[in-house]
1. Condition test on Val169, is it part of a helix (DSSP H, G or I), closer than 25 Å to Ile120 by Cβ and at pLDDT 95 or above?
2. Working only within segment 47-78, note down all residues that are among the hydroxyl-bearing types (Ser, Thr, Tyr) and either under 18 Å from the mean Cα position of the chain (by Cα) or surrounded by 16 or more Cβ atoms within 10 Å (Cβ to Cβ) (or both).
3. Out of (1) closer than 18 Å to Gly142 by Cβ; (2) in a loop (DSSP other than H, G, I, E, B), the odd one out for Leu70 is which?
4. Look through Gly101, Gly81, Gly88, Gly107 and report the one residue that is in a loop (DSSP other than H, G, I, E, B) and either of a type in the set (S, T, N, Q) or surrounded by fewer than 14 Cβ atoms within 10 Å (Cβ to Cβ) (or both).
5. Applying the selection to segment 172-225, what residues are under 20 Å from Leu27 (Cα atoms), part of a helix (DSSP H, G or I) and acidic (Asp, Glu)?
6. If I filter segment 177-207 down to residues being open to solvent by less than 10 Å² (accessible area, probe 1.4 Å) and without any contact (Cβ under 8 Å) to a residue 60 or more places away in the chain, which single residue comes out as farthest from Arg243 (Cα to Cα)?
7. Taking segment 112-134, which residues are crowded, with 19+ Cβ neighbours inside 10 Å and among the hydroxyl-bearing types (Ser, Thr, Tyr)?
8. Check Glu179, Glu217 and return the single one that is over 25 Å from Gly7 (Cα atoms), acidic (Asp, Glu) and at pLDDT 95 or above.
Amino acid sequence: MTLDLSGRLAVVTGASRGIGYSMAKELAAAGAHVIAVARTVGGLEELDDQIKAEHARTGKGEATLVPLDLADMAGIDRLGGAIHERWGKLDILVANAAVLGVISPIGHVEAKTFEKVMTINVTATWRLIRSVDPLLRLSDAGRAIIMSSNAAHSARAFWAPYAASKAAVETMMRSWAHETQSLPLRVNAADPGATRTAMRAQAVPGEDPETLPHPSEIARRILPLASPELKETGLIFQAKHNRFVAYQQPE
């Protein structure tokens, strides 16, 4: 059954390319008004053109563009305030924006690189959650999708900063889900798996991108996490296997 998100308001960060771009398009195609957040104005404008073309064809979906560097913490606070002033609530959050840093032995990682990964991937995600949590609570079916990675669990050699940042983000997600489990708000992480993105090419430069799923395919699999009918909370959705998995305590 086609998901209908008509009348619902969604925030997507990192919306100018990759999975964020595709998630924004899928949400708009389902009828949502998408607040698209990214640093790259050109990518946001291209997204807006795509959504407008789809709207002209189907009458569904609109976009509001927000050029914002997520290192601007005060800017994230202002975003929540602006949403409250204009719409009074938020229905969907897709916290997608992230940086890789470097693939390197942990002892060789420069301090400024580690700090940037933590700032964008962890602190900005927390700041975003803090900014929109009150708005999601005002929705009849608030949905939060926190993009993560299997790196959070595999702890692969040379991936330490990125892996640590995603582990932190998942732990925040779980705490948030526990705090809100008695509310209509549902909070989950999404692990897209290896995807044909610029970040993946940076991480694994020798890999043939044609062997990986396109971001649009991954976005279509993740989209149902925005459904008002969703029951799950505090879990990881593995896009590769199209399933939710639960956390386990260390043995």
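The values are calculated or read from the model by the stated rules, or taken from the named source; none is laboratory data. The structure presented is a predicted model; accordingly, all values stated were derived computationally and were not measured. Note that each Cβ is placed from the backbone with ideal geometry, even for glycine, and that neighbours are counted across all protein chains shown. Keep in mind that these areas ignore ligands, DNA and RNA; they rest on the heavy atoms of the full protein, side chains included. Shrake-Rupley method; radii C 1.70, N 1.55, O 1.52, S 1.80 Å.
1. So Val169 passes the test.
2. Of everything in segment 47-78, just one residue is among the hydroxyl-bearing types (Ser, Thr, Tyr) and either under 18 Å from the mean Cα position of the chain (by Cα) or surrounded by 16 or more Cβ atoms within 10 Å (Cβ to Cβ) (or both), namely Thr64.
3. Only one criterion is unmet by Leu70, namely (1).
4. Sole residue among the options that is in a loop (DSSP other than H, G, I, E, B) and either of a type in the set (S, T, N, Q) or surrounded by fewer than 14 Cβ atoms within 10 Å (Cβ to Cβ) (or both): Gly88.
5. The one that is under 20 Å from Leu27 (Cα atoms), part of a helix (DSSP H, G or I) and acidic (Asp, Glu): Glu217.
6. Thr180
7. If the condition is that a residue be crowded, with 19+ Cβ neighbours inside 10 Å and among the hydroxyl-bearing types (Ser, Thr, Tyr), then Thr125, Ser131 are the ones that fit.
8. Checking each option against the conditions leaves just Glu179.
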